[in-house]
Structures are given as C-alpha cells and as structure tokens.
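The next block holds one structure in the form of structure tokens; read it before the comments.
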Amino acid sequence: MSTDVTDKDERRINRYALALPTRVEVKIDAKFSWNEVTRLEDVSAFGAGFVLKRPVKRGRLIVINLPMPRQLRCYDYLEPQYRIWGLVRRCVPLGVTPAERTYAVGVAFVGKNPPASFLQNPSKLYDLSTRDDGGLWQLVEVGEHIDESELPISLRRHTRFAIPESLLLEILDENGDVAASEVTVTENLSLGGAAVFTSFNAEVGSFLRVKSERHQISIISIVRGKRIGTDGIVRLHLEFIDHLFPLEGIV
C-alpha cells in the first residue's frame, strides 16, 4: 500500500511534457479582460508552463481550461475540460525583437475557485504561503511590491529607470471609452510600469490607456499607487497590463 501511494504522488508531482491545447483567461477588472489559446509546455497536478503573446504580472490569478489527464486532476474527473485557477509565478520574455516577443509563463494551481477578495477586486496580487494544516500551500494577499529579494534576477520585478519619456494618458470610463486625455512625461519607467506626472484625479484601481507616438504603442494600464511629490505635483504609479514598454534604444 505504501508503495502504491508513493508512486501515485510521484506521478502527480512530476511534470510531463504534454502539448495540450489550453485556454488562458486573464481578468483584470470588469473593464478589462483577455484570453488566449496556447499549448502547454509541461504540466503536473500542481502547476503548468506555457507561452503567451502577452505578459502577465507575477502574483496575478488567472483561469486555465484544458483537457487535463484524469490522473493529474483534483476534481471534475469526468468533465472533458478541467477549469482551474492558477497563480502566476514567473513571466520571462522570449525573442530578440519586439515583433518576435512572447512570454514563458509558469503557474501554480490554487484550486477550483478564486478567493472572495479576488471576486471583489480582480486586480489584487497574491503570493503562496505554507499552510498551517500541513497542506501544500495557501494564497495570501500582497501589496504592489512583492518581496522578491530571494528570487533569481530573471524572475524579479523589472528595473525602473529615471527616464522622461513623453506619453499620452487617456482616462477610460466604465464602458472603456476615453473620458479625458493629457500629454505628460514619466518620472521613471520600466518594461512593466511607470510613474507619470498628471493633473488627473485618478484613483487607485482605475484604468488608463498609455500611448507613445514615438514607439507607436498603446498599453492598457491600471493605477497601482498615487502620491504627491515635494513639488506638489501628483504622480500615478502604473502597471502595464497587455504589453511591456519597448525600452530598446532608450536604456
């Protein structure tokens, strides 16, 4: 009996190179969500790896639908599609040029349903913590700045550079239409976000569209923080949602 249990556990923990068709759904808010069909690179009962065309921030919850082998499932054994929530643990850019760029994403499976806090605010970020009852792990809420000091450099947050880059900011209303716009510059900038000067009264959690005429790019962004500098000017701290900023030629 003990040998059978060990063999079963090993089958569930080992990652298998199964190129299964997979639909990934990313919901940021009622205003913004997207999905993409891809194929798995590898999978186990506890996580999976795949490649996406868009970046997904570490700490975000996403939904994955795939024809998971029954021996790797934790529920819905008879359903043709296995729908499970996953926590993004890594998102590494691939490809040399922006036109070739894709993103290697690794997720940890966290269960059939998301936590109540996610339903209230889908833009929340999470991390994994050891369970008190001896289980594998549990979700814990984190702020915008996850402690990543022990992670490999490739998995850490993007470095911000003090670069004044000209941008057009567009405030989006509840229908996703442009309610107001202004031209501004960045106080600092990274692949995945920026701090921008603004006259907008935008609150944390609201959505903006960031446009760069020089780079001919438009990026949906969420306000993660807001502060007033010693000069009395408001700064918005933005997370880029559906694209990374092209820093090639800038830094």
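Read-outs throughout are calculated quantities, based only on the coordinates presented, and are distinct from any laboratory measurement. Because the structure is predicted, anything quoted here is derived from the model rather than measured. Because the Cβ atoms are built from the backbone with ideal geometry, glycine has one as well, and the counts that use them run over all protein chains shown.
Sorted fewest first by neighbouring Cβ atoms within 10 angstrom, Val196, Val204, Val140 come out as Val140, Val204, Val196. Using a/c under 1.5 as the rounded threshold, could you call the stretch 39-123 rounded, prolate or oblate? The axes a ≥ b ≥ c are square roots of the C-alpha gyration tensor eigenvalues, and prolate needs a/b larger than b/c, oblate otherwise. Oblate, because a/c is 1.5 or more while a/b does not exceed b/c.
Only one residue of Gly193, Ile219, Ile171 has its Cα farthest out toward the positive end of the dipole of the stretch 166-240, where Lys and Arg carry +1 and Asp and Glu -1 on Cβ, and that residue is Gly193. Spin-label pair Tyr16-Arg83: with each label point 7 Å from Cα along the Cα-Cβ axis, the two points sit 2.3 nm from one another. Which parts of the stretch 169-187 would a label at Ser199 reach, counting a residue when its backbone N lies under 12 Å from a point 7 Å out along Cα-to-Cβ? 181-184, by backbone N distance to the label point.
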